[in-house]
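S.K.: Once you've had a glance at the structure underneath, I'll fire off some questions.
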Amino acid sequence: IMKLTYEEKLRIYDLWKNQHYSPRRIAKQYNISRSVIRYMVNLMDRHGVEIVKHGKQKYYSPDFKINAIDRVLLNHEPSIQVSLDLGLPNVGMLSLWIKLFKENCYTIVEKQRGRKSYDQKESKDDTGTIREGKRTTSSTEPETYHRERILKKIECLSSTKRNPSKEEIARVITELRQELSCSLKFILDVIHANPELPQMTRSDYYYQCKKVDKDMKNDEIMNQIISVFYKHKKRYGYRRITLELSNMGYRVNHKKVKRLMVIMGLYGATPRAKYKSYKGDFNGTVKNQLLNKVVDAENHKTYYDRDFSTTSCNQKWTTD
């Protein structure tokens, strides 16, 4: 669409709507694909003809992109339908966002806009020295800094008692690639040169980047769990929520509900137990009738003398 002028787009719209030209005939006349023509006509029908007018390149924020990508990946909406709803000028723009989103380990990476300043421009002289504006540095300095930065970042993962997971290592490597603009081979070579650091192979890294979260398909169930949890004022645990989901038509195991609630940080409010079995000594302690306390004043001693003599039956009781 971008290589056509505004007048040509209006002409194509008129040929489609008023003169009833076939898409094949229009595509052959203007040397563009039929899918592009259909998308452009549908876009003009929904948002008006001004939507295809050339102007300053529009900026799309990361939140805007992630919402559009979630509608395709999580809600399973057609990408063309989402592009029409959002008024994207190109039919392949959303597909490109999704591709870059997956390649960058499911993160949105924004390119730096505008030209580099004079101080940021790099040039090499005959001696192989990199000149950055007015400052001159050796070509080995950036490599040394990159190695130190990689080692410091990876060592932070092994600072805890537990071993870092492959997913954590892959996320750190992705951050280093974006921060330092280094190749994956360079980062892995630095890591492999230090056996004491957490290790990762190239295949493991790409596997972690392309791995889909297994709980993405449970988005609907997680929303229902949240609604039931707060509807009953945080009093329901995973067992009662499982029964509520069953009444709503969701057949789900209680272990799965418990796991999802732990992920979302939902814990039932458990009141303190008010019942106490011990209520004090109501009858007092029975006096021991078998022991007589004897105080020896001369030797400064106190002892007990057992007296088993009685004057009637059932006067003194004892156990063996």
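S.K.: List every residue pair whose Cβ atoms lie under 7 Å apart, where the two residues are 6 or more positions apart in sequence or sit on different chains, the first residue falls within region 166-192 and is under 12 Å from LEU151 (Cα atoms) and open to solvent by less than 80 Å² (accessible area, probe 1.4 Å), and the second residue, located anywhere, is assigned to a helix (DSSP H, G or I) and of a type outside the set (A, V, I, L, M).
M.R.: VAL172/LYS153; ILE173/TYR205; LEU176/LYS153; ILE187/ARG177; LEU188/ARG202; VAL190/ARG147
Yes or no, residue by residue, for (1) in a loop (DSSP other than H, G, I, E, B); (2) among the aliphatic types (A, V, I, L, M); (3) at pLDDT 85 or above:
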{"residue": "ARG11", "(1), (2), (3)": "no, no, yes"}
{"residue": "ILE51", "(1), (2), (3)": "no, yes, no"}
{"residue": "GLN57", "(1), (2), (3)": "yes, no, no"}
{"residue": "ILE69", "(1), (2), (3)": "no, yes, yes"}
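S.K.: Which residue pairs have Cβ atoms closer than 9 Å, lie 6 or more positions apart in sequence or on different chains, and pair a first residue in region 255-276 that is at negative phi with a second residue that is loosely packed, with under 10 Cβ neighbours inside 10 Å?
M.R.: Correct list of pairs: ALA269/LYS233.
S.K.: Another question about this same structure. Filter region 246-261 for residues that are surrounded by 11 or more Cβ atoms within 10 Å (Cβ to Cβ), within 25 Å of the chain's Cα centre (by Cα) and in a helix (DSSP H, G or I) and give the result.
M.R.: HIS254, LYS256, VAL257, LYS258, ARG259, LEU260, MET261 - these are the residues of region 246-261 that are surrounded by 11 or more Cβ atoms within 10 Å (Cβ to Cβ), within 25 Å of the chain's Cα centre (by Cα) and in a helix (DSSP H, G or I).
S.K.: Quick one: LYS65 ticks every box in (1) at pLDDT 85 or above; (2) touching a Phe, Trp or Tyr at 6+ places or on another chain (Cβ under 7 Å); (3) more than 14 Å from MET93 (Cβ to Cβ); (4) charged (D, E, K, R) except a single one, so which number is it?
M.R.: Failing condition for LYS65: (3).
S.K.: Moving on to the next point. Go through (1) under 25 Å from the mean Cα position of the chain (by Cα); (2) modelled with pLDDT of 85 or more; (3) open to solvent by less than 50 Å² (accessible area, probe 1.4 Å) one by one and return the number of the condition VAL41 breaks.
M.R.: Exception for VAL41: condition (1).
S.K.: Which residue is least open to solvent (accessible area, probe 1.4 Å), if the candidates are limited to region 6-33 and must be among the polar types (S, T, N, Q) and either touching a strand residue (DSSP E or B) at 6+ places or on another chain (Cβ under 9 Å) or more than 20 Å from GLY92 (Cα to Cα) (or both)? Steps first, please.
M.R.: Of all residues in region 6-33, those among the polar types (S, T, N, Q) come to 18-19, 22, 29, 31, 33.
If we keep only those that are either touching a strand residue (DSSP E or B) at 6+ places or on another chain (Cβ under 9 Å) or more than 20 Å from GLY92 (Cα to Cα) (or both) too, we end up with 18-19, 22, 29.
Numbers: ASN18: 104, GLN19: 79, SER22: 56, GLN29: 106 Å².
Looking at the filtered set, the residue picked out is SER22.
S.K.: Which residues, taken from region 13-49, are closer than 18 Å to SER83 by Cβ and either in contact with a His (Cβ under 9 Å, 6 or more places away or on another chain) or part of a loop (DSSP other than H, G, I, E, B) (or both)?
M.R.: ILE32, SER33, GLY48
S.K.: When the residues of region 158-215 are filtered to those that are modelled with pLDDT of 85 or more and of a type in the set (Val, Ile, Thr), which remaining residue is nearest to LYS256 (Cα to Cα)?
M.R.: ILE169
S.K.: Say whether the condition of being closer than 24 Å to LYS99 by Cα, surrounded by 11 or more Cβ atoms within 10 Å (Cβ to Cβ) and among the β-branched types (Val, Ile, Thr) is met by at least one residue in region 206-228.
M.R.: No, region 206-228 contains no residue that is closer than 24 Å to LYS99 by Cα, surrounded by 11 or more Cβ atoms within 10 Å (Cβ to Cβ) and among the β-branched types (Val, Ile, Thr).
S.K.: Within the bounds of region 59-77, is there any residue that is touching a Ser or Thr at 6+ places or on another chain (Cβ under 6 Å) and either open to solvent by less than 50 Å² (accessible area, probe 1.4 Å) or closer than 30 Å to GLU220 by Cβ (or both)? Full working, then the answer.
M.R.: Here is the first cut: in region 59-77, the ones touching a Ser or Thr at 6+ places or on another chain (Cβ under 6 Å) are 72.
Subset that is either open to solvent by less than 50 Å² (accessible area, probe 1.4 Å) or closer than 30 Å to GLU220 by Cβ (or both): 72.
Yes, region 59-77 contains a residue that is touching a Ser or Thr at 6+ places or on another chain (Cβ under 6 Å) and either open to solvent by less than 50 Å² (accessible area, probe 1.4 Å) or closer than 30 Å to GLU220 by Cβ (or both).
S.K.: Name the residues in region 262-312 that are within 24 Å of GLU244 (Cα to Cα), not polar (S, T, N, Q) and not in a helix (DSSP H, G or I), would you? Talk me through it step by step, then tell me what you get.
M.R.: Within region 262-312, the subset within 24 Å of GLU244 (Cα to Cα) is 262-271.
Narrowing the set further to residues that are not polar (S, T, N, Q) leaves 262-269, 271.
Passing the criteria: GLY265, LEU266, TYR267, GLY268, ALA269, PRO271.
S.K.: Moving on. If you check ASP305, ASP296, which single one turns out to be acidic (Asp, Glu) and modelled with pLDDT under 75? Full working, then the answer.
M.R.: On the way: ASP296 fails: modelled with pLDDT under 75.
Matching residue, one of ASP305, ASP296: ASP305.
The values are calculated or read from the model by the stated rules, or taken from the named source; none is laboratory data. Being a predicted model, the structure only gives us computed values, none of them experimental. Counting neighbours? That spans all protein chains shown, and the Cβs are built from the backbone with ideal geometry, glycine included. Heads up: the accessible areas ignore ligands, DNA and RNA and are worked out on the full protein's heavy atoms, side chains in. Shrake-Rupley method; radii C 1.70, N 1.55, O 1.52, S 1.80 Å.
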